[in-house]
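The block underneath contains the structure these notes are about, expressed in structure tokens.
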Amino acid sequence: MKTWFAFLSTLVCCSAASSDDAVLDLSEHLGETPALVVVACGGNAGDFSTIARLVERTPWTVFCQGPASPAMDKIRDWACANGLLGKRVYVVDDDGASLWLAGGLADAVWVAPGVDAASWEKESLRVLHPGGVYVASGKVVVKPARAGVDEWGHPYHGPDNNVVSQDNVARLPGELRFQTHPVFAAMPNQTLFAGGRIFFFTGHIAFHAREEPLLNTLTVLNAYNGLRLWSRQLNPDYVVHDVAKLATKSHVVFAEGGTLWMLDAATGDERGRFSVPEEAAAAGDSDWKWIVQEGDRLFAAFGPPNGRVAPHRQKRQMGHWPWNVANEQYKSVTDNFGAARRLAAFQYPQMKLLWIEAEPEAFDARVLCMNGGRIFELAPGKYMAARDSTTGALLWRKTPEASQELFDAIGSALKRQAWGLGWATYCCARASSDVVCIAGPPFRKTIGVGFEKGDLLWTSDVESPHPFFLNDVLYVMPRVGAPTTVCRKIDPLTGKLLDQFPLGVIGSCTRLTVTPSQFYYRPGGGEGRTVYVDLRTQKLADYEGVVRPGCFDGVVPANGRLYWMPLACDCWQVHGTFSMAPRTARKEPNAPRKSPAWATPGSTAPAAPDDWPMFRANAAGTATVAAAIPNEVRELWRRRLPGAGLTAPVCAAGRVFVGGMDGTLRALDAANGKTVWQTRSRAAVLHPPAYWKGRVVFGSCDGTLYCVGASDGQMLGRAELAPERRFVNVMDGLMSAWPLAGGVVLGDAGIAYTAAGGTAADGAVAAAVDLETGQLRWREAYTLDRPEPKLSFGVQGNVLLKDDTLYVNGGAPVGIVALDALTGGNPRVVSRLEAGMETFLEPDGRPWSTGPELFTDEWTRPSIFKRYQGRAYFRTSGRHVALVDGRLFCSRDPKTLDHVVDWMNEDPKLGGRLRGGPPRDVMKVPTDDAIDWASNAADVCGLAVGTDGLVVLHRERVEGVSADGQSLWTIPLSVPPARWGVALTGNECVVTLSDGLVLCLAKPLDDG
């Protein structure tokens, strides 16, 4: 007995030691900042203590993978009970040789003792990003930097202001690595990329309430996986879009008026705070106006204060923003920005002053640029000069007296900004080794000046915010283009036209960016998303991205990736902060793969006619059931489930089925709310399951369709639809790039229809599965690899099925796609410009969508381009009910409801289609006797339509309403419900709430 206790004590101590080893081993490399850590588990008892200590002692997100075992179940149960599963802990039980992560995503991999480290090393290095660390059995390997990549450490890439990255890896088409927070951002904004981090500066204008949390904020993200590292409030007096910031591997450095901050890049801790040199301050040049860094030198310009700004909260209702408001909030900066009189050089990072030189009159800091050891200065109408960057000595100087033609060509600097022109804070010059190109919002021409002597080389009447040098050629685009717009290739020394090629429409207020092989821009108009030109062929690629480039940054190439930072507007796109790696082609099988036959459940009872067997009751999503609305209800039970983020409920066969963000599907007894069983997937379950003949089928964000027995939760079968096992970060959750987040709908013959996909960049896989056998009826991949028809779409809302047609909201830039349900073929886009995850079929069969976005949970209203309001109509007891902008209207004639919808879609000031102004107030809809009744609030977020009335979900209550509009009963809700989080049956009404509570209502006992 003593020997046994001694052995047990040794085992426990060894387990604790190994878990402590993991923390110590990894902390040495990761520090105390958030990180994504992969743990290769062996399925033994020590795995749990390792994961628990990693989570409890660090801010890391832990992805553990190992063979299915009680030990893995214990990790999952513990994480679920503590609200960590699907948030900071992810568990993949798989004993295969591949990790379920996208390449270059992880910060560290730790191989648990007892696991064959040699078999994991190559795969671990695949999922690690450069600089990531692999630790196994005392062996430490740091993944080396990738050749051919670049950073973006200055606002315009480098001191030369030439927006050409040297990244030979980043390119389109791309595949997702992360779509994360922030989703929307205050304006203006500016982003730097260095040391594997993103430094996102957001400014003083919030057009909508959703952007206000980012007013005057520096947000720092991990550039490889999108994890938020730290943030800092900025001084609200200063515009953040400027030329006085930079980032390196160690520091982020930025100016706020007279203060230059140097912060630790990893933690945000202050490493230095510097004032302008005394002689500059004494002369009134009190503010830092420009900084750049080359090697161990930091160069700076000083001048009198710029115009100050103040936070602006517009609280617009519609999604877009108007230029007149932007101009008003920018006016102080447009009128007074960039004037500087002194240049200086410092030893970096010690910030020891090396030299400082003064000018008698102010030059424009927006025109400062460096190349080949020279700094270019310009004061329009006064002088132009170049200085030696090593000593500050004057190399040459031009004045109007001696060079009138030069200064006539340049003209005066206009105080302006506009759509198609760009922002007043843009830089206005970029330098090659021989030529400085002057162009930008203040200038009416594009001008070439020799860098060696300052001679005027050529002028062009083209106003171009975006010229760039590449391979000894200057590329020039006009400020606003028509479909015939061309890009001109010019000899930078002579201005001679060398070649030109068509671009299509270009919207020039968004910055253009370049790599050695491609350049990226936004087509004109609010629908504009990312397009690119292949510089080898000089042709616009047959490609349109899912994201619109940010107004200030454009698409940023860095780290072998492409990045899109968030916007303030609702242009039709997928929103958020995006990173894409170069896409790899995928091969689809020629025929559906055969899978083992699915098991038969213990009971094959069909759903009753008054059950609620799937989301919104049926495959067409009409939310209608053959059940009466009780005159009174009582609370039958309530049950709080672990975590939050529950799906809407499904009720059938005496059970309530509900999924969750933690990847768990639970079955509750409809009579008492007790958990009957639960089963777990490897990622979030964002959409309700469906019931058919004793089977419950559900899709998981791990890319798999699952089928379990309704009575006992036993696994009957599964179909892996994701084309590969590639987890990425979507809104701070790890999931497949092809999640089944749009749910499952069922046909009459027990065929389950679903689609796996996120954005159109990665495409979607739609499928039909026979639930009785588990065999695929069809499987169709709609990705960029599909040759015919060439159509790639994502999944951005719930799928619908009606009249042998499957509808999938493919998101931007495609729209809602219809497929033949019998074959999965004949794809056609049936509705465009639809935003929101709630898809409906209008009375004429046309699909439309509304509600928050599927993954971001943010509302977008791109009404400049689409109808503001569609027709979501329901029928009960001979009446038609419309849900219009959160308010209910009832009439016996659907044409009367059409008038309501049409009124909401009209511009309240100009008439015609609603444009960018605020919509009409739905509470002020003019009504007459043709409207039987209308609800007294516009807060409806779900319905269950019965035979004689409705159950209405409000934000703070659930209500029974008769067909003639009488309120029968009201039950208060402590928190808002899940979207459409209601199910009505002949016996009960079940509501799921956003905090994990499930509420069941039933008739009073004396009603039987």
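A few points about this structure:
- Point-charge dipole on Cβ atoms (K/R +1, D/E -1) for the chain, about Cα centre, debye to 20: 560 debye
- Gain on full stretching of the segment that runs from residue 669 to residue 140 - 0.36 nm per residue minus C-alpha separation: 185.3 nm
- Dimensionless Rg over Rh [region 38-107; C-alpha; Kirkwood]: 0.93
- Residues whose amide H lies under 5 Å from that of residue 286, counting only those 5 or more places away or on a different chain, are 303; hydrogens are built 1.01 Å from N in the peptide plane.
- In a DSSP loop and with at most 12 other Cβ atoms within 10 Å, there are no GluC sites (Glu not before Pro) in region 95-178.
- Calculated FRET efficiency for the pair residue 585/residue 494, C-beta based, R₀ 56 Å, to 0.05: 0.85
- Nearby lysines by direct alpha-carbon distance to residue 87 (threshold 18 angstrom, same-chain neighbours under 8 apart not counted): 74
- The heavy atoms of residue 416 present about 50 square angstrom of accessible area, all protein chains included, probe 1.4 Å.
- Region 323-425 - Kirkwood radius from inverse mean 1/r over Cα pairs (Å): 15.4 Å
- Under 16 Å from the Cα of residue 496 - aspartates and glutamates, other chains or at least 8 residues apart: 434, 461, 472
- Helical segments meeting 27 Å axial Cα length and Kyte-Doolittle 0.0 threshold in the chain (DSSP H): 2-30
- Calculated P(r) tail over 28 Å for region 653-799, as whole % of Cα pairs: 17 percent
- Simple spin-label estimate for residue 121 and residue 956 gives 6.3 nm between the two label positions (7 Å along the Cα-to-Cβ direction from each Cα).
- Under the simplified labelling scheme, the residue 315-residue 361 pair shows an inter-label distance of 4.8 nm, with each label point 7 Å from Cα along Cα→Cβ.
- Projected over all directions and averaged, the alpha-carbon convex hull of region 796-900 occupies 7.3 nm².
- Rounded to whole Hz, the Karplus (6.51, -1.76, 1.60) HN-Hα couplings of region 813-825, x for glycine and proline: x, 9, x, 7, 10, 9, 10, 5, 5, 6, 10, x, x
- Extension gain, residue 264-residue 486: 0.36 nm per intervening residue step, less the Cα-Cα distance, totals 75.5 nm.
- Residue-wise HN-Hα coupling along region 260-265, computed from phi with Karplus coefficients 6.51, -1.76, 1.60 (Hz; x: Gly, Pro): 10, 9, 10, 10, 5, 5
- With a Förster radius of 51 Å applied to the beta-carbon distance between residue 231 and residue 408, the computed FRET efficiency rounds to 0.60.
- A full extension of the chain between residue 401 and residue 95 corresponds to an added length of 102.2 nm, given 0.36 nm per residue minus the alpha carbon distance.
- Proportion of all alpha-carbon pairs of region 750-815 beyond 20 Å (%): 28 percent
- Computed 3J(HN,Hα) for region 398-408, one whole-Hz value per residue from the Karplus formula 6.51 cos²θ - 1.76 cosθ + 1.60 where θ = phi - 60°, is 10, 10, x, 4, 9, 9, 4, 4, 4, 6, 5, glycine and proline marked x.
- Over 18 Å (Cα to Cα) - which of 445/489; 315/866; 415/445 fall in this group: 315/866
- The P(r) of the chain has a tail past 58 Å containing 16 percent of all C-alpha pairs.
- Gap separating the Cα centres of region 100-157 and region 969-1008, nearest whole Å: 48 Å
- Taking the charge dipole of the chain about its Cα centre, with +1 at Lys and Arg Cβ atoms and -1 at Asp and Glu Cβ atoms, the residue from 840, 182, 807 reaching farthest to the positive side is 807.
- Here the simple spin-label model places points 7 Å from the Cα toward Cβ, and for residue 350 and residue 634 these points are separated by 8.3 nm.
- Total charge dipole magnitude, region 626-774, about the Cα centre, Cβ charges on Lys, Arg, Asp, Glu only, Debye to nearest 20: 440 debye
- Dipole in debye (nearest 20) - region 831-931, about Cα centre, beta carbon charges: Lys, Arg +1; Asp, Glu -1: 200 debye
- Over region 501-654, volume per residue of the alpha carbon convex hull, in Å³: 282 Å³
- FRET efficiency, 1/(1 + (r/R0)^6) with R0 60 Å, evaluated for residue 846 and residue 472 via beta carbons: 0.65
- Distant-in-sequence amide contacts of residue 932, defined by a placed amide H-H separation under 5 Å and a gap of 5 or more residues or a different chain, comprise 890, 891, 892.
- Region 625-663 residues near the modelled residue 974 label - backbone nitrogen below 17 Å, point 7 Å along Cα→Cβ: 635-646
- Relative intensity, log₁₀ I(q)/I(0), of region 162-201 from a Debye sum that treats every alpha carbon as a point, q = 0.18, 0.21, 0.35 Å⁻¹: -0.80, -1.06, -1.14
- C-alpha center-to-center spacing [region 325-376, region 598-666] in angstrom: 64 Å
- Residue 146 long-range amide H proximity, modeled H, under 5 Å: none
- Principal axis box of region 843-943, alpha-carbon based, largest edge first, Å: 36, 34, 28
- Packing-based ranking, highest mean first, of 925-935, 341-351, 202-212 given that Cβ atoms within 10 Å are counted: 202-212, 341-351, 925-935
- Sorted largest first, extent of region 472-551 alpha carbons per principal axis (Å): 38, 23, 20
- Note on region 723-858: Cα-only Rg and Dmax are 14.0, 40 Å.
The values are calculated or read from the model by the stated rules, or taken from the named source; none is laboratory data. Being a predicted model, the structure only gives us computed values, none of them experimental. Reconstructed Cβ throughout: ideal geometry from the backbone, glycine too, with neighbour counts over all protein chains shown. The area values use the complete protein model at the heavy-atom level, side chains included, leaving out ligands, DNA and RNA. Shrake-Rupley method; radii C 1.70, N 1.55, O 1.52, S 1.80 Å.
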